[in-house]
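*Asks:* A single structure is presented below for examination.
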Amino acid sequence: QKNLTVLSPEQIELAKMLLLEGQKHLFEHWPEPGVDDGKKKDFFEQVARLNSSYPGGLSSYIQNAKRLLADSKVGKNPYDGFTPSVPSGQVLTFGDADFIRLEEAGIKEARKSAFVLVAGGLGERLGYKGIKLALPIETTTGRCFMQHYVESILALQESSCRLAQDQHQSEIPLVIMTSDDTHTPTIKLLESNNYFGMKSTQVILLKQEKVACLDDNDATLALDPNDKYKIQTKPHGHGDVHALLYSSGLLNKWKQEGIKWVLFFQDTNGLLFKVDFPAIPASLGVSVTKGYHVNSLAVPRKAKEAIGGITKLTHTDGISVLSRRSMVINVEYNQLDPLLRATGHADGDVNCETGFSPFPGNINQLILELEPYIEELNKTRGAISEFVNPKYKDSTKTAFKSSTRLECMMQDYPKSLSPSARVGFTVMDTWLGYAPVKNNPEDAAKVPKGNPYHSATSGEMAIYKANSIILKKAGVQIADPITDVFNGQEVEVWPRVTWNPKWALTFSDVKRKVNEACSVSQRSTLVINNSNVILDTLSLDGTLIANEVEVKLAGAVQNKGWVLQHVDHKDSSNPEEIRIRGFKIQKVEQLELNHV
Ligand code: GDU
């Protein structure tokens, strides 16, 4: 009470709210007024931040926490009463007539889209200290994920405006959601590289706040063990992106500017724009032609692979916490297997005759139609269905091993939609796969044989594989891959083919620039850095880097090339970004075409 005198009227309101919510322990230890007054003000500044960054404020957070903790204590399953089944969605077959049609529809529409990259996670699992956006997507060119994403969006913008004969040269906005862990290094990466060619005004950073930690089932807010004037906080998850977009006012601004689609993606999916053209233009084409309000991109998924499964959930009586009788939604990988076992599938999540789980894998690339998205957020303020995952001390479930917090995921957005919402998904070809960079070498090496490693090694090899297969589909003779083991992971090594998004964004672009009379040997490296490079009668056995603006690559090119050298991930003489992939490229000899 006495301490109230040092607080502003707003802070007094917050103090009253905390008392009402049973949080008086937060102040009980406070000394007399005059002692630590500055720290007390800092404490309330933090409370104000926690209050304003959560839809409904801190009191809603505490009430939601109490409810979810009570459910967790009694072991309530959020999917109780739901029966899972395999949903049907649009399957894309790379390069067929339907695919080309969708791709074109998507490219045209792309200039009316905004991209949102969630990049607030530090990626502790990867064992890399920096931000993941700064990691090389592949080490042949060393281009980082951020550069790749920005250049791809710029190339898409250019193609889209050209195809639609857009005189206004629309700019595709790029929003990046950061967190306290990633905000400053993300700005530094962008600024020190001149935003990789994008206008700085085209990039918008929204920082997510962490949420308060909880000490017990009564949702007692946890104090920071090192600072008794601070509430302990932890990340709330990528679901925050919806509330941040809502509160930023960007959605209405975009609507006025004629934007129709919002595309969400994650920090390390190298295949997303690089090669899996299906992922962006063709899936956008699916949204356009099918009129999907929500379109999730999916890939064939190995049973138990650490990506969520797209599942149709049907409720037996129509009354459910998810408020809908049936819905197509992501079921997280750790929940899918138990859900299947509990509903009569004795073996749980297993591969079917295709060699994959019948439940397609969610890659968390979502395409939302802007207008219905705004309507929904006007109702929910961006609040997303949450969950809590406390680690209990014992089976009485009365105490936690360490503090916990509520979490949310961006792909849970459809859970609050009405049954009339058009929610669909698009599955890509098997050969493209999905290659995020999430696991450190030791964990990746433990992944069951045949399942994807999700490591820096597999992420880089996937790029070469996909690029090689695309050239092959366009008619180039590409040598078969060899198998090699890096950091204990057996991978296919294809020719190291990379290109800048300016060179080709769609399969039609590739076909236009490739003549069938070309060949590339397995030990080769081919880097295409410019838009007017034509693969004419090239026969490559070595390394060729085409930087030239306009060149026809013809005839035989042979040299000692670039060689992959094994690196042990424990060998600290190499930088971390090399060690996590288990190889480095020894540049022995190459032909480089540089003249303009
Ligand atoms: N992220 C944030 N804020 C957070 C947590 C994460 O922005 O508080 C970002 C990360 O930077 C990353 C993305 O969200 O870009 C995804 O984070 P993780 O890689 O840690 O996600 P998970 O592997 O736990 O799982 C997610 C989905 C799964 C599946 C999988 C595919 O939840 O359903 O789609 O990605 O890679």
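The values are calculated or read from the model by the stated rules, or taken from the named source; none is laboratory data. None of the values given here were measured: they were computed from a predicted structure. Backbone-built Cβ (ideal geometry, glycine too); neighbour counts: all protein chains shown.
Residues are listed down the side, and each one gets a yes or a no for (1) over 23 Å from residue 179 (Cα atoms); (2) surrounded by 14 or more Cβ atoms within 10 Å (Cβ to Cβ); (3) hydroxyl-bearing (Ser, Thr, Tyr):
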{"position": "6", "(1), (2), (3)": "yes, yes, no"}
{"position": "20", "(1), (2), (3)": "yes, no, no"}
{"position": "23", "(1), (2), (3)": "yes, yes, no"}
{"position": "28", "(1), (2), (3)": "yes, no, no"}
{"position": "46", "(1), (2), (3)": "no, yes, no"}
{"position": "58", "(1), (2), (3)": "no, yes, no"}
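*Asks:* Residues that are more than 16 Å from the ligand (Cβ to nearest atom), closer than 24 Å to residue 135 by Cβ and either within 17 Å of the chain's Cα centre (by Cα) or modelled with pLDDT of 90 or more (or both): does region 279-293 have at least one? Full working, then the answer.
*Replies:* In the first step, residues of region 279-293 are kept if they are more than 16 Å from the ligand (Cβ to nearest atom); the result is 280-282, 284-293.
Next cut, closer than 24 Å to residue 135 by Cβ only: 280.
Filter once more, so that each one left must be either within 17 Å of the chain's Cα centre (by Cα) or modelled with pLDDT of 90 or more (or both): 280.
Looking through region 279-293, at least one residue is more than 16 Å from the ligand (Cβ to nearest atom), closer than 24 Å to residue 135 by Cβ and either within 17 Å of the chain's Cα centre (by Cα) or modelled with pLDDT of 90 or more (or both).
*Asks:* Which of the residues belonging to region 461-519 are among the polar types (S, T, N, Q) and in contact with a helix residue (DSSP H, G or I) (Cβ under 8 Å, 6 or more places away or on another chain)?
*Replies:* Kept after step one, since they are among the polar types (S, T, N, Q), are these residues of region 461-519: 467-468, 477, 483, 487, 489, 498, 500, 506, 508, 515, 519.
Within region 461-519, 467, 487, 489, 498, 500, 506, 508 qualify.
*Asks:* All but one of (1) over 26 Å from residue 362 (Cα atoms); (2) without any contact (Cβ under 8 Å) to a residue 40 or more places away in the chain hold for residue 400; state the number of the condition that does not hold.
*Replies:* Residue 400 satisfies every listed condition except (2).
For every residue, the table says whether it meets (1) under 30 Å from residue 453 (Cα atoms); (2) crowded, with 16+ Cβ neighbours inside 10 Å; (3) among the polar types (S, T, N, Q).
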position	(1), (2), (3)
50	no, yes, no
54	no, yes, no
76	no, no, no
99	yes, yes, no
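*Asks:* Just name the residue that is modelled with the highest pLDDT out of those in region 298-330 that are near the ligand (Cβ under 10 Å from one of its atoms) and of a type in the set (Gly, Ala, Ser). Talk me through it step by step, then tell me what you get.
*Replies:* Within region 298-330, the first condition is being near the ligand (Cβ under 10 Å from one of its atoms), and the residues that meet it are 298-299, 301, 305-310, 330.
So of that shortlist, the ones also of a type in the set (Gly, Ala, Ser) come out as 298, 306, 308-309.
On the way: 298: 91, 306: 85, 308: 91, 309: 94.
Going through the qualifying residues, I end up with 309.
*Asks:* Would you mind stating whether residue 264 is in contact (Cβ under 8 Å) with a residue 40 or more places away in the chain and within 18 Å of the chain's Cα centre (by Cα)?
*Replies:* Numbers: in contact (Cβ under 8 Å) with a residue 40 or more places away in the chain: yes; within 18 Å of the chain's Cα centre (by Cα): yes.
Yes: the conditions hold for residue 264.
Rundown of residues vs (1) over 30 Å from residue 540 (Cβ atoms); (2) assigned to a loop (DSSP other than H, G, I, E, B), yes/no style:
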| residue | (1), (2) |
| --- | --- |
| 397 | yes, yes |
| 415 | yes, no |
| 424 | yes, no |
| 443 | yes, no |
| 449 | yes, yes |
| 453 | no, yes |
| 463 | no, no |
| 484 | no, no |
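*Asks:* Here are the criteria: (1) surrounded by fewer than 20 Cβ atoms within 10 Å (Cβ to Cβ); (2) on the phi < 0 side of the Ramachandran plot. Tell me which single one residue 348 does not satisfy.
*Replies:* If we test residue 348 against (1) surrounded by fewer than 20 Cβ atoms within 10 Å (Cβ to Cβ); (2) on the phi < 0 side of the Ramachandran plot, just (2) comes out false.
*Asks:* Check whether at least one residue in region 78-92 is among the small types (Gly, Ala, Ser) and at pLDDT 90 or above, and report yes or no. First the steps, then the outcome.
*Replies:* As a first pass, look at region 78-92 and keep what is among the small types (Gly, Ala, Ser): 81, 85, 88-89.
Filter again for at pLDDT 90 or above, leaving 85.
Checked region 78-92: at least one residue is among the small types (Gly, Ala, Ser) and at pLDDT 90 or above.
*Asks:* Now for a separate question. Failed condition for residue 420, given (1) within 16 Å of the ligand (Cβ to nearest atom); (2) closer than 24 Å to residue 314 by Cβ, with all others met?
*Replies:* (1)
*Asks:* Say whether the condition of being among the hydrophobic types (A, V, I, L, M, F, W, C) and either more than 16 Å from the ligand (Cβ to nearest atom) or surrounded by fewer than 20 Cβ atoms within 10 Å (Cβ to Cβ) (or both) is met by at least one residue in region 331-342. Walk me through how you get there before you give the answer.
*Replies:* Within region 331-342, the first condition is being among the hydrophobic types (A, V, I, L, M, F, W, C), and the residues that meet it are 331, 336, 339-340, 342.
Retained after the next criterion (residues that are either more than 16 Å from the ligand (Cβ to nearest atom) or surrounded by fewer than 20 Cβ atoms within 10 Å (Cβ to Cβ) (or both)): 340, 342.
Yes, region 331-342 contains a residue that is among the hydrophobic types (A, V, I, L, M, F, W, C) and either more than 16 Å from the ligand (Cβ to nearest atom) or surrounded by fewer than 20 Cβ atoms within 10 Å (Cβ to Cβ) (or both).
*Asks:* Can you give me the number of residues within region 427-464 that are away from the ligand (no atom under 14 Å from the Cβ) and either charged (D, E, K, R) or under 21 Å from the mean Cα position of the chain (by Cα) (or both)? Even if it seems obvious, please write down each step before you answer.
*Replies:* Taking region 427-464 and keeping what is away from the ligand (no atom under 14 Å from the Cβ), we get 429-432, 441-442, 445-446, 448-450, 457, 460-461, 463-464.
Those left that are additionally either charged (D, E, K, R) or under 21 Å from the mean Cα position of the chain (by Cα) (or both): 429-432, 441-442, 446, 449, 457, 460-461, 463-464.
Within region 427-464, residues that are away from the ligand (no atom under 14 Å from the Cβ) and either charged (D, E, K, R) or under 21 Å from the mean Cα position of the chain (by Cα) (or both) number 13.
*Asks:* Given the residues 133, 102, 117, 122, which is the only one that is near the ligand (Cβ under 10 Å from one of its atoms) and modelled with pLDDT under 90? Full working, then the answer.
*Replies:* Working: 133 fails: modelled with pLDDT under 90; 102 fails: near the ligand (Cβ under 10 Å from one of its atoms); 117 fails: modelled with pLDDT under 90.
None of the others qualify; the one that does is 122.
*Asks:* Are there any strands (runs of 3 or more DSSP E) wholly within region 514-596 with 2 or more residues that are acidic (Asp, Glu), and if so which?
*Replies:* Values: elements: 525-528, 532-541, 543-546, 550-558, 562-566, 583-587, 591-593.
Where strands (runs of 3 or more DSSP E) fall fully within region 514-596 and carry at least 2 residues being acidic (Asp, Glu), they are 532-541.
*Asks:* Residue 235 passes all but one of (1) buried (at least 19 other Cβ atoms within 10 Å of the Cβ); (2) in contact with a Ser or Thr (Cβ under 8 Å, 6 or more places away or on another chain); (3) closer than 24 Å to residue 63 by Cβ; which number fails?
*Replies:* Of the numbered conditions (1) buried (at least 19 other Cβ atoms within 10 Å of the Cβ); (2) in contact with a Ser or Thr (Cβ under 8 Å, 6 or more places away or on another chain); (3) closer than 24 Å to residue 63 by Cβ, the odd one out for residue 235 is (1).
*Asks:* Between a residue in region 25-47 that is in a loop (DSSP other than H, G, I, E, B) and any residue that is surrounded by fewer than 14 Cβ atoms within 10 Å (Cβ to Cβ), which pairs come within a Cβ distance under 7 Å, given they are 6 or more apart or on different chains?
*Replies:* Close Cβ pairs satisfying both conditions: 29/228; 32/2; 33/2; 33/5.
*Asks:* What's the number of the only condition in (1) modelled with pLDDT under 95; (2) out of contact with any Leu (no Cβ under 9 Å at 6 or more places or on another chain); (3) small (Gly, Ala, Ser) that residue 539 fails to meet?
*Replies:* (1) is the only condition that residue 539 fails.
*Asks:* Could you count how many residues in region 84-136 are assigned to a loop (DSSP other than H, G, I, E, B) and either touching a residue at least 40 places away in the same chain (Cβ under 8 Å) or on the phi > 0 side of the Ramachandran plot (or both)? Write out each step before concluding.
*Replies:* Of region 84-136, the ones assigned to a loop (DSSP other than H, G, I, E, B) are 86-89, 92-96, 111-112, 119-123, 127-131, 135.
Next, only the ones that are either touching a residue at least 40 places away in the same chain (Cβ under 8 Å) or on the phi > 0 side of the Ramachandran plot (or both) stay: 86-87, 89, 92-95, 111-112, 119-123, 127-131, 135.
Total meeting the criteria: 20.
*Asks:* Counting just the residues of region 392-417 that are among the hydrophobic types (A, V, I, L, M, F, W, C) and away from the ligand (no atom under 16 Å from the Cβ), which one comes out nearest to residue 459 (Cα to Cα)? Outline the logic, then answer.
*Replies:* Of region 392-417, the ones among the hydrophobic types (A, V, I, L, M, F, W, C) are 399-400, 406, 408-410, 417.
Restricting the remaining residues to those that are away from the ligand (no atom under 16 Å from the Cβ) gives 399-400, 417.
On the way: 399: 40, 400: 37, 417: 34 Å.
Step by step, filter region 392-417, then rank; the result is 417.
*Asks:* Just wondering, is there one or more residues in region 377-391 that are at positive phi, touching a Ser or Thr at 6+ places or on another chain (Cβ under 8 Å) and either of a type in the set (S, T, N, Q) or outside any helix (DSSP H, G or I) (or both)? Lay out the reasoning, then the answer.
*Replies:* First pass over region 377-391, keeping only residues at positive phi: 381-382.
Checking which are touching a Ser or Thr at 6+ places or on another chain (Cβ under 8 Å) leaves us with 381-382.
Still in the running and either of a type in the set (S, T, N, Q) or outside any helix (DSSP H, G or I) (or both): 381-382.
So far as region 377-391 goes, yes, one or more of its residues are at positive phi, touching a Ser or Thr at 6+ places or on another chain (Cβ under 8 Å) and either of a type in the set (S, T, N, Q) or outside any helix (DSSP H, G or I) (or both).
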